[in-house]
Amino acid sequence: MDNPVTILGPNGLPFAPKRSRASMLVGGSNTPYDAADQRGDHMAEWNPYLGSPDGELNMYRDRIVSRVRDLVRNDGWASGAVTRILDNAIGANFRPIFKPDYQALAQHTGIKAFDHVWADEYGQALEAAWRTWANDTGRYCDAQRNLTVAQIMRLAFRHKLIDGDALAMLHWLPNRIGEGRARYATTIQVIDPDRLSNPQLQFDMDKVRGGVEIDAYGAAIAYYIRKAHQGDYFAAAKAVTWERIAKETTWGRPIIVHDYDHDRAAQHRGGAGIFAPVLQRLKMLVKYDGAELDAAILNAIFGAYVESPYDPAMVESALGDDGSVGNYQDERSAFHKDQKIKLGGARMPILFPGEKINAVTAARPNSNFKDFESAVLRNFSAGTGLSAQQVSNDWSDVNYSSARGAMLEAWKTLSRRRNDFAVGFGQPIVCAFTEESMEVDDLPLPAGAPPYAEFRAAYSRTKWMGPGRGIIDPVKERQGAILGMDAALSTLEDEAAELGGVDWRETVAQRAIEIARFKELGIPLPEWAAGADATEAITEPKAT
């Protein structure tokens, strides 16, 4: 074998060996990014799977959701967080304020009567029809006749928070109208998202993902829903039977309403609710909290104990039973039986020779428990979009500025969740109702107005109203609202909805009634109504 050739450099020394590209990187890493490092101690064993949005969730969805539900049922922190979000985002009277797009209608139809005056009259008339349907005491808006529309919205949003999906079916039940009870045939049925799955629990396919049938572009066209929940043992046959239901009619009327948060493109089911990222840590807190409570109870039960140098069974077994140990125990028993020395009515703890009393020191809860609990709850609150104070209901460590700042940050998330839910779940229901209302009710429409199907978005445009943001300092908050309106930075509608969650038109109408009543009874007007004397236009409003 020939000897290898050594190439010398200009200095007469051999060239240095060529350095690898990886060794030339900053810090000696084998990749340009630390996040891609495969050799370091901190990253070498971190190799998560890169999966599709449906593949990452659908296979594990049932397991995650069952754990989340168990936690919400049995843990106060999780249950309280759901309640806070529901009360702040949806509240007790979540409803649409109809604001038809009169500009679009006027532009596309050339009808000048489509103006802001018409829009206000049309909106109020449609809202009256909505209230008739949504709050009917017969509950004909609900297929099960249990809930109002606002309660249906709250239930669906709860499913979205916990399960990841809000699912409902819009039925057309004209027989209820024929019975002379209902005015409208549009009916809502909330469906448990567990029933939405692939037929016979098959794996996801090209056109069916998690029970959602899609077209070539990924748009949902139909849903496969079990006829009964898989947990209904009394309906076993229905639980293994799936029904294919189209998403909408041939003319575009919604049939299935499905809303969920989109975390990735081409995702067709919800991401297992808001608790999935924090589920493990919250479960650890539940276990730790239970262990500390058990230990504290034991410490409370065993306050003190008597220590004796002898135990009859063990000592006699070790030394042999010559009677001495037994005699000692007999003497102890007799001593304690006969000792009844009292001082001032209290028995004196006189002990037999060799005995002593030891007290149990209660070292629970652990001194670090409060800090640990606070840290976990802050992590939990950050994951759910609430402030730490809203989760714990402890406002003792905050002042006005910090409390208001925390509430404003949480309000951004709550407002976004409300708007997303209104668009994804509420708006399809509004569209279905508006379509029927334009046929059933005598809504104010100008001559030549086009049918609903041609301009469904313009006719059914809405702004959804839920609970107000809340007030920490009533004086400061309301002074800021007045300054904003005076500077034309906000409107009475915006301020009334944000601070109080009320409709400004109802508020103004009520004020007119109150002013008229003050004048009728000869009572001096309050300061806010002092300007009413300068005009004769303020009268009690007519019923609409």
Exclusive hit being surrounded by 17 or more Cβ atoms within 10 Å (Cβ to Cβ) and under 22 Å from LYS412 (Cα atoms), set ARG505, ARG478, ARG469: ARG469
Counted residues, region 255-277 - those being surrounded by 20 or more Cβ atoms within 10 Å (Cβ to Cβ) and either outside any loop (DSSP other than H, G, I, E, B) or under 16 Å from the mean Cα position of the chain (by Cα) (or both): 11
Residue match in region 5-20 (condition: among the polar types (S, T, N, Q), in contact with a Pro (Cβ under 8 Å, 6 or more places away or on another chain) and modelled with pLDDT under 80): yes
Condition check for ALA237: in a helix (DSSP H, G or I) and over 26 Å from the mean Cα position of the chain (by Cα): yes
Residue count for region 187-218, restricted to those that are under 27 Å from the mean Cα position of the chain (by Cα) and assigned to a helix (DSSP H, G or I): 3
Any hit, region 177-185, residues being within 25 Å of LYS238 (Cα to Cα), open to solvent by 10 Å² or more (accessible area, probe 1.4 Å) and out of contact with any Phe, Trp or Tyr (no Cβ under 6 Å at 6 or more places or on another chain): no
Any hit, region 41-58, residues being in a loop (DSSP other than H, G, I, E, B), in contact with a Gly (Cβ under 8 Å, 6 or more places away or on another chain) and farther than 30 Å from PRO193 by Cα: no
Test for LEU414: is it farther than 20 Å from GLY123 by Cα and in contact (Cβ under 8 Å) with a residue 60 or more places away in the chain: yes
Within region 257-294, tally of residues that are in contact with a Ser or Thr (Cβ under 8 Å, 6 or more places away or on another chain) and closer than 20 Å to GLY210 by Cβ: 3
Some residue of region 157-176 being open to solvent by 60 Å² or more (accessible area, probe 1.4 Å) and touching an Asp or Glu at 6+ places or on another chain (Cβ under 9 Å): yes
Helices (runs of 4 or more DSSP H) wholly inside region 375-464 containing at least 1 residues that are open to solvent by 30 Å² or more (accessible area, probe 1.4 Å) and among the β-branched types (Val, Ile, Thr): 400-421, 427-440
Matching option when the condition is farther than 27 Å from ALA185 by Cβ, touching a residue at least 40 places away in the same chain (Cβ under 8 Å), among the small types (Gly, Ala, Ser) and open to solvent by less than 10 Å² (accessible area, probe 1.4 Å), among ALA104, ALA89: ALA89
Breaking point among (1) of a type in the set (Asp, Glu); (2) open to solvent by less than 70 Å² (accessible area, probe 1.4 Å); (3) closer than 25 Å to GLN427 by Cβ, for ASP75: (3)
Hey, SER52 open to solvent by 20 Å² or more (accessible area, probe 1.4 Å) and under 20 Å from the mean Cα position of the chain (by Cα) or not: no
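The values are calculated or read from the model by the stated rules, or taken from the named source; none is laboratory data. Computed from a prediction, not measured in an experiment: that's the story for all the values here. Backbone-built Cβ (ideal geometry, glycine too); neighbour counts: all protein chains shown. Heavy atoms of the whole protein, side chains included, go into the accessibility calculation; ligands, DNA and RNA do not. Shrake-Rupley method; radii C 1.70, N 1.55, O 1.52, S 1.80 Å.
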